[in-house]
Amino acid sequence: MKTILLTALVALALPAQGIAAAGSTVAVYTTAKDAERQMAPSRTAPLAEGHPLTEAENSIFVEPTRRFQALLGIGGAITDATAETFARLDPERQAEFLRAYYDREHGIGYTLARTTIHSSDFSSGSYTYIEDGDGDLKTFSVEHDRKYRIPMIKRAIQAAGGQLPMMASPWSAPAFMKDSANMLQGGKLLPEYAAAWARYYTKFIDAYAAEGIPIWSISVQNEPMARQTWESMLFTAEEERDFLRDHLGPTIQASAHPDTKIVVWDHNRDMMVHRANVIFGDPEASKYAWGMGFHWYETWAGFEPMFENVRRVHESYPDKVLLLTEATVEKFDWAQVQRWSNGERYGTSIVNDLNNGASGWIDWNMLLDQTGGPNHVGNYCFSPIHADTRTGELVYTPSYWYIGHFSRFLRPGAQRVGAASSRSNLLTTAFLNPDGTLATVVMNPTDREIVYNYYVGTASTRVTIPAHAIQTLVL
């Protein structure tokens with residue numbers, strides 16, 4: 001695990017020569033709207049020396065000698081809702097699900113995961129790991145999680161080859177620790193419980209480690225500026241800074257697992273620059289903050305995704321790792337489970353987040369049922385795979401295929417290289433993998449087929465991408 005995590009912070013000595021030798025062929029994998037088969041493989045013509053270009057052509061230019069951040073991985077969250085739904089599948093479908101997500105040859109090769117510290121909205125009800133009023137944490141136990149979540153996580157780790165870096169995030173402190181006396185509807189942590197709440201994280205990390213589930217990283221608080229109808233708790237930037245600096249950071253450092261990474265913010269791109277300035281600008285707080293997590297929900301009410309804020313934080317604090325830690329399409333409708341724009345939203349976000357400096361991308365629920373739950377407050381959402389528990393069927397959605405064009409071919413330790421499109425009708429990013437393969441993702445969100453030149457250095461070939469499609473080119 002340490003090898004994977006370190007690659008995000010150093011430039012890899014990956015090969016640059018010989019990648020685009022004339023005569024080399026490119027494997028192209030295509031997912032397209034209404035196609036009979038998704039992620040379908042094909043071969044293009046061999047690479048040849050490029051031709052004189054005109055402005056009328058579409059071209060993708062990849063320059064492997066230009067190196068940027070390394071990739072931690074791509075994955076999804078194992079929530080209570082995911083684990084409860086997984087438990088309702090028959091053994092054959094459970095095995096299919098695990099292959100679909102974690103097998104690189106027969107699935108999409110996830111390499112990161114996230115889970116919750118006690119309940120979130122995607123649980124069947126609110127709960128904590130202690131009895132009410134136990135500020136000394138003497139009753140701490142993860143027994144609740146042993147029914148569904150821990151068994152599923154163990155199987156996921158096995159399916160992923162024995163290693164699955166796991167991030168954990170809290171949605172709220174126990175009600176008695178908050179000024180609102182309620183786990184739901186926001187509220188703030190009472191100062192007198194700050195030390196106890198910091199120890200709660202280490203208790204969780206210790207308990208999961210004892211179950212054979214190492215926790216790679218934690219976030220300070222999920223969505224600390226959102227007063228939700230579900231489990232939620234509010235921290236201003238200054239409050240999060242002070243809690244990290246004075247309590248959580250020192251407590252983790254003094255614990256049995258001092259190498260656990262701490263991620264701040266864990267909320268939308270809109271306010272991440274301010275949060276970074278406040279926390280990373282304080283030397284004492286910053287030394288405990290490994291990186292920053294962000295979500296994509298600032299697109300609400302018609303606002304555009306604020307990808308440039310990812311770049312601004314990356315440029316200002318290049319020593320901090322950035323990763324998207326949650327994304328989902330909300331307002332679930334079973335009749336719209338195959339809505340193609342859901343997948344395109346994922347593709348657009350992943351391309352832009354990676355191109356602006358993110359080192360990882362973690363989706364929200366990996367599996368939900370035909371209601372978009374279970375969810376104890378009615379906040380039903382889409383997931384890449386749904387289980388119709390009435391029939392036992394697994395339903396693969398466009399989001400699954402779009403994420404897979406990144407997670408299957410962009411491997412941990414891969415380094416982003418220069419990649420650009422000559423026209424705004426195509427999106428692209430490219431990574432050089434540790435095994436020397438070059439993976440380029442090209443996305444066409446338009447209503448028409450596009451023929452483009454695929455250039456790697458000075459060598460090129462021509463590729464056709466269907467309308468509303470995504471391709472991964474592997475050289």
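The values are calculated or read from the model by the stated rules, or taken from the named source; none is laboratory data. Only a predicted model underlies this, so the values are computations on that prediction, with no experimental measurement involved. Neighbour counts run over all protein chains shown; Cβ positions are idealised from the backbone, glycine included.
Of the strands (runs of 3 or more DSSP E) contained entirely in the stretch 71-177, those carrying at least 2 residues that are of a type in the set (S, T, N, Q) fall at 112-117.
Could you tell me which of the residues Gly293, Gly347 is in contact (Cβ under 8 Å) with a residue 40 or more places away in the chain, of a type outside the set (Lys, Arg), within 19 Å of Pro398 (Cα to Cα) and touching a strand residue (DSSP E or B) at 6+ places or on another chain (Cβ under 9 Å)? Talk me through it step by step, then tell me what you get.
Working: Gly293 fails: within 19 Å of Pro398 (Cα to Cα).
Checking each option against the conditions leaves just Gly347.
Inside the stretch 342-390, residues that are charged (D, E, K, R) and part of a loop (DSSP other than H, G, I, E, B) make up a count of 1.
Go through the stretch 464-475 residue by residue and tally those that are part of a strand (DSSP E or B) and over 16 Å from Leu438 (Cα atoms). Walk me through it before giving the result.
Quick first cut of the stretch 464-475, residues part of a strand (DSSP E or B) only: 464-465, 469-474.
Remaining after also requiring over 16 Å from Leu438 (Cα atoms): 464-465, 469-470.
The total comes to 4.
Every residue in the stretch 383-412 that is within 30 Å of Glu231 (Cβ to Cβ) and surrounded by fewer than 24 Cβ atoms within 10 Å (Cβ to Cβ), please. Those that are within 30 Å of Glu231 (Cβ to Cβ) and surrounded by fewer than 24 Cβ atoms within 10 Å (Cβ to Cβ): Ile385, Ala387, Asp388, Thr389, Arg390, Leu394, Val395, Tyr396, Thr397. Would you say Arg104 is within 20 Å of the chain's Cα centre (by Cα), buried (at least 22 other Cβ atoms within 10 Å of the Cβ) and among the charged types (D, E, K, R)? No: the conditions fail for Arg104.
Tell me, yes or no, whether the stretch 201-213 has at least one residue that is modelled with pLDDT of 95 or more, outside any helix (DSSP H, G or I) and among the aliphatic types (A, V, I, L, M). Taking every residue of the stretch 201-213 in turn, at least one turns out to be modelled with pLDDT of 95 or more, outside any helix (DSSP H, G or I) and among the aliphatic types (A, V, I, L, M). The set of residues from the stretch 447-463 being part of a loop (DSSP other than H, G, I, E, B) and at pLDDT 95 or above comprises Asp447, Arg448, Glu449. Within the stretch 413-437, the set of residues being crowded, with 24+ Cβ neighbours inside 10 Å, in contact with a Pro (Cβ under 7 Å, 6 or more places away or on another chain) and not small (Gly, Ala, Ser) comprises just one member, Leu432.
Being within 21 Å of the chain's Cα centre (by Cα) and either more than 14 Å from Thr65 (Cα to Cα) or free of Cβ contacts under 8 Å to residues at least 60 places away in the same chain (or both) is the filter here; which residues of the stretch 414-432 pass it? Even if it seems obvious, please write down each step before you answer.
First, pick out the residues of the stretch 414-432 that are within 21 Å of the chain's Cα centre (by Cα): 414-417, 427-432.
Passing the criteria: Leu427, Thr428, Thr429.
Against the numbered list (1) under 30 Å from the mean Cα position of the chain (by Cα); (2) part of a loop (DSSP other than H, G, I, E, B), Ala56 comes up short only at (1).
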